[in-house]
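Novice: Here it is, the structure in full.
Read the figures in this text as sums done on the coordinates, not as results from a lab. It should be emphasised that the depicted structure is a prediction, and the values quoted were computed from it without experimental measurement. Here the Cβ is made from the backbone with ideal geometry for all residues, glycine too, and neighbour counts use every protein chain on show.
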Amino acid sequence: MNTTDRQSGTEHGIARTASTHPRGRFEADRAQSPTIAVVLLIGMVVTAAGLTVTLGATAIDGTTQTTELDRAEHAMTLFDARTAMVGLGETGGQSVTLGRASGGAYDASADTGRIRIVHTNYSGTHTEELYNRSLGEVTYTNGDTEIAYQGGGVWRHTDGGTTMVSPPEFHYRDATLTLPVIRVTSGDASGGPSRAFVTRDSETLRVYPNQSAEYEEVSRPYHNPVQNGTVSVEVQSTYYRGWADYFRERTTGRVTVDHSAQTATVVLETVGQVGDFALPSKGEGVELRGKAPGHSVNAFDVDIKQSGGSFNNMKFSFYAEQDGRMYEVLIRVDSDKGNCEKNKPDDTLTMWVLYDDPNDGKGKHAWVNDSIPIGSGPIRLECDGKDTRIVADYLSDETTLRMTDDPSLPSKTGLAWDDDTATEVSFNHSGYDGENKTHTTGGPDTETVGNLSRHYLTEMGSDYELKVYHGGGSSGTAHVDGSASSGSLFYDTSTGTRYITYLHVTENNVNVTFR
């Protein structure tokens with residue numbers, strides 16, 4: 001190829017230049033790589049620095065908020081203690097340094113939260129609202145967390161729930177509920193450095209017991225011991241879950257929550273009738289509830305007044321049923337012996353004590369004495385002018401009964417005693433009335449009516465109703481003047497944490513301002 005051809009080829013782009021030669025491209029790329037690496041490195045450094053700043057700022061913000069909330073908890077706990085001193089009358093006023101609130105705000109409100117106390121079925125059918133007022137609160141809010149003072153307690157609340165920081169003014173011990181309701185009655189707010197000033201708003205108001213307040217249906221004053229029905233404490237609050245947890249911790253009462261209404265309720269049972277009572281109508285009774293274990297009945301007697309006619313052919317008993325167990329103590333006045341002015345010295349009364357437990361593998365326990373002197377002793381007829389009274393002390397250790405397999409019961413009694421009669425029973429208690437012994441029918445041993453009453457009333461459990469039965473009489477109708485007849489029943493009460501015997505409620509109002 002001549003020189004002209006080589007030049008022509010070059011001119012037509014046939015010759016390879018450095019840019020198209022493979023080695024030339026590699027060397028050019030290698031020359032550009034340091035520049036790209038530097039750019040990428042700078043980008044990564046900038047991105048990492050940005051993430052570090054962002055995450056660091058978030059962490060700092062989170063740490064700051066946690067510190068603020070912890071500080072607010074301590075401050076609110078101190079506020080709680082100082083407010084209790086004011087509310088309960090130990091001092092007329094207190095100031096509390098709450099600290100800075102740069103990340104949140106303090107508020108006092110008089111209208112948030114409410115407490116309601118109700119005595120249900122206090123007369124068998126009627127219910128009384130004893131108290132219903134707002135609680136108010138003081139809160140520190142930071143983000144989605146609140147530290148709140150309410151009802152004498154401090155609560156920490158988030159969307160996930162409520163925990164108790166310090167307990168409210170709700171004190172339960174030995175079946176006694178002491179509830180000094182501390183109410184915040186003012187509204188104020190602070191978003192900066194804060195000091196709270198707490199002052200009394202009024203004198204302490206006694207709610208229960210209160211001799212000047214009466215139950216609506218029975219005109220009975222608010223007094224202790226609390227009897228009949230149940231007593232419930234209901235708290236409506238943002239912090240209701242925390243209140244419910246505390247109710248469960250302090251009592252074994254029935255605790256319920258209503259999430260839609262934001263309420264927590266604890267129901268405590270009263271211990272029933274303790275003391276003197278008017279004779280219930282036939283089929284009605286005296287309620288035993290919260291009776292302590294063991295031989296805890298200390299008094300059980302009755303005085304029945306005649307209403308016209310006489311007590312001839314009269315039958316009178318107390319009876320009870322509980323979880324299949326049955327108990328009855330029955331007195332019979334035979335025909336022509338119901339008027340003590342006409343009775344002979346050797347006339348007698350008959351008494352039975354009956355018990356049956358379907359789970360003991362035996363028949364009914366039957367005890368009888370058909371020769372009780374009619375005119376003297378702890379079980380007798382007693383003259384009251386022209387009227388006759390039946391007087392019976394069911395805890396007497398003077399009158400004894402023997403176990404029998406043929407009790408020869410009257411045709412009608414308070415309960416139906418159709419089961420076979422046991423021929424041997426054991427009292428397997430120790431430490432009570434010399435028990436832990438076995439009785440057999442036909443044997444020489446006897447038991448006092450007092451031992452039998454204490455034993456079987458214990459066997460019936462802690463909660464049941466002792467009902468009244470009477471029948472017969474000189475004209476086929478029992479002549480009982482219920483309004484003039486009475487009895488007494490005293491027993492030791494349980495200290496179990498589902499019962500209430502004494503209720504002490506006061507209202508204590510405080511004002512809270514910030515400066």
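Novice: Is there a quick way to get the dipole size of segment 142-269? I mean about its Cα centre, with the Cβ of Lys and Arg at +1 and of Asp and Glu at -1; what is the value in debye to the nearest 20?
Specialist: Roughly 320 debye for segment 142-269.
Novice: Now, a different point. Run the dipole for the chain about the Cα centre, Lys and Arg Cβ at +1, Asp and Glu Cβ at -1, nothing else charged, and hand back the magnitude in debye, nearest 20.
Specialist: 2380
Novice: So who's got an amide H within less than 5 Å of the one on residue 505, skipping anything under 5 residues away but keeping other chains? H placed 1.01 Å off N, in plane.
Specialist: Correct list: 179, 207, 208.
Novice: Taking all pairs of distinct Cα atoms, average 1/r, flip it, and tell me the Kirkwood hydrodynamic radius of the chain in Å to one decimal place.
Specialist: This gives a value of 29.6 Å.
Novice: Taking the mean number of other Cβ atoms within 10 Å as a proxy for protection, how do you rank 426-432, 503-509 from highest to lowest?
Specialist: Top to bottom by mean Cβ count within 10 Å: 503-509, 426-432.
Novice: Same structure again: Label-point separation (nm) for residue 321 and residue 497, each offset 7 Å from Cα along Cα-to-Cβ?
Specialist: Calculated label separation equals 3.5 nm.
Novice: When you count, for each residue, the other Cβ atoms within 10 Å and take the mean per peptide, how do 231-239, 416-424, 66-74 rank with the highest first?
Specialist: 231-239, 66-74, 416-424
Novice: Still on this model: I need the helices of the chain that pass two filters: whole DSSP H segments spanning 30 Å or more by Cα along the axis, and mean Kyte-Doolittle score no lower than -0.5.
Specialist: Helices passing the filter in the chain: 22-87.
Novice: Still on this structure, please answer the following. So which of 291/467; 282/342; 282/315 end up more than 19 Å apart, counting from Cα to Cα?
Specialist: 282/342
Novice: Quick check for me: using +1 on Lys/Arg Cβ and -1 on Asp/Glu Cβ, what's the dipole size of segment 275-493 about its Cα centre, in debye to the nearest 20?
Specialist: Value, rounded to 20: 540 debye.
Novice: Name the aspartates and glutamates eligible as straight-distance cross-link partners of residue 386: C-alpha to C-alpha under 13 Å, and not fewer than 8 places from it in the same chain.
Specialist: 341
Novice: Another one. Quick one: net charge of residue 131's neighbours, Cβ under 9 Å, K/R +1, D/E -1?
Specialist: Net local charge, residue 131 excluded: 0.
Novice: Right, next: Could you give the spread of the C-alpha atoms of segment 222-264 along their three principal axes, from largest to smallest, in whole angstroms?
Specialist: 33, 20, 13
Novice: Could you please report the charge total around residue 485, scoring K, R as +1 and D, E as -1 over all other residues with beta-carbon less than 11 angstrom from its beta-carbon?
Specialist: Neighbourhood net charge equals 0.
Novice: With a/c under 1.5 counting as rounded, go ahead and sort segment 275-493 into rounded, prolate or oblate using the C-alpha gyration tensor (a ≥ b ≥ c being the square roots of the eigenvalues; past the cut-off, prolate if a/b is larger than b/c, else oblate).
Specialist: Here segment 275-493 falls in the prolate category.
Novice: Summing Lys, Arg as +1 and Asp, Glu as -1, what charge do residues with Cβ under 10 Å from the Cβ of residue 96 carry, residue 96 excluded?
Specialist: Spelling it out: positives minus negatives among the neighbours equals +1.
Novice: Follow-up question, since we're still on this one. How do 390-396, 108-114 rank on mean C-beta neighbours within 10 Å, highest first?
Specialist: 390-396, 108-114
Novice: Jot down the per residue volume, in cubic angstrom and as a whole number, of the convex hull over the alpha-carbon atoms of segment 187-286.
Specialist: Looking at segment 187-286, the number lands at 207 Å³ per residue.
Novice: If you take every DSSP beta bridge fully contained in the chain, what fraction is antiparallel? Give it as a percent rounded to 5.
Specialist: Here the share of antiparallel DSSP bridges comes out near 90 percent.
Novice: If each Cα of segment 305-418 is one equal point scatterer, what is log10 of I(q)/I(0) from the Debye formula at q = 0.11, 0.12 Å⁻¹?
Specialist: Relative scattering, expressed as log10 I(q)/I(0), comes to -0.38, -0.45.
Novice: Still on this model: Kindly provide the helix-only [θ] at 222 nm of the chain, computed as the sum of -39,500 (n - 2.57) over DSSP H runs of four or more divided by all residues, to the nearest 500 deg cm²/dmol?
Specialist: It lands at -6500 deg cm²/dmol.
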